[in-house]
């Protein structure tokens with residue numbers, strides 16, 4: 001299982017790279033409930049590269065705070081590639097950041113379906129310069145394990161993709 005020290009180490013690396021490049025990051029979280037923001041802000045000095053994040057657990061919050069279109073939510077559901085792309089782009093705009101990650105998934109134990117079982121998590125990424133993209137992952141374990149893996153994956157992907 002991924003532990004807190006691994007997440008902290010990833011956040012330290014992320015912060016060092018962002019600080020070096022004079023860039024900033026934001027996050028829009030659903031199933032992780034602010035865990036990415038918490039992990040980032042565990043690093044002293046993170047205010048220099050992280051000003052704000054968004055916990056948009058419900059669909060109305062996704063629409064109100066991030067500008068996710070109601071039609072996208074209705075047609076694809078909150079746990080989908082298009083929704084996380086819209087979440088990431090909305091967070092990027094709202095925070096005036098250089099990079100954004102968005103996460104929406106089904107951490108369980110309830111909420112899974114045949115099409116979207118527990119452990120299904122979509123990640124959306126956006127950069128001030130570039131085209132948004134999304135990734136689908138399927139994680140195993142209980143609610144805590146799924147959420148912990150999602151945070152780890154988000155931070156690792158940010159480092160590998162943008163920095």
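Summary table below
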{"item": "Subset of region 120-136 (residues that are surrounded by fewer than 21 Cβ atoms within 10 Å (Cβ to Cβ) and more than 17 Å from residue 156 (Cβ to Cβ))", "result": "128, 129, 130, 131, 132"}
{"item": "So residue 104, is it over 20 Å from residue 160 (Cβ atoms) and part of a strand (DSSP E or B)", "result": "yes"}
{"item": "Residue count, region 1-25 (criterion: assigned to a helix (DSSP H, G or I) and under 12 Å from residue 99 (Cβ atoms))", "result": "4"}
{"item": "Matching residues, region 17-34, being surrounded by fewer than 22 Cβ atoms within 10 Å (Cβ to Cβ) and under 12 Å from the mean Cα position of the chain (by Cα)", "result": "33, 34"}
{"item": "Candidate set: region 144-163, residues that are more than 17 Å from residue 104 (Cβ to Cβ) and touching a residue at least 24 places away in the same chain (Cβ under 8 Å); chosen: the one surrounded by the most Cβ atoms within 10 Å (Cβ to Cβ)", "result": "162"}
{"item": "Some residue of region 84-92 being in a loop (DSSP other than H, G, I, E, B) and either closer than 29 Å to residue 23 by Cα or at pLDDT 95 or above (or both)", "result": "no"}
{"item": "Residue within region 26-37 that is part of a helix (DSSP H, G or I), modelled with pLDDT of 95 or more and more than 16 Å from residue 157 (Cα to Cα) present", "result": "no"}
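To keep it simple, each residue is scored yes or no on (1) in contact with a helix residue (DSSP H, G or I) (Cβ under 6 Å, 6 or more places away or on another chain); (2) farther than 11 Å from residue 28 by Cα; (3) in a helix (DSSP H, G or I).
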| residue | (1), (2), (3) |
| --- | --- |
| 73 | yes, yes, yes |
| 108 | yes, yes, no |
| 113 | no, yes, no |
| 136 | no, yes, no |
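The values are calculated or read from the model by the stated rules, or taken from the named source; none is laboratory data. Here the structure is a predicted model, which is why all the values come from computation and not from measurement. Reconstructed Cβ throughout: ideal geometry from the backbone, glycine too, with neighbour counts over all protein chains shown.
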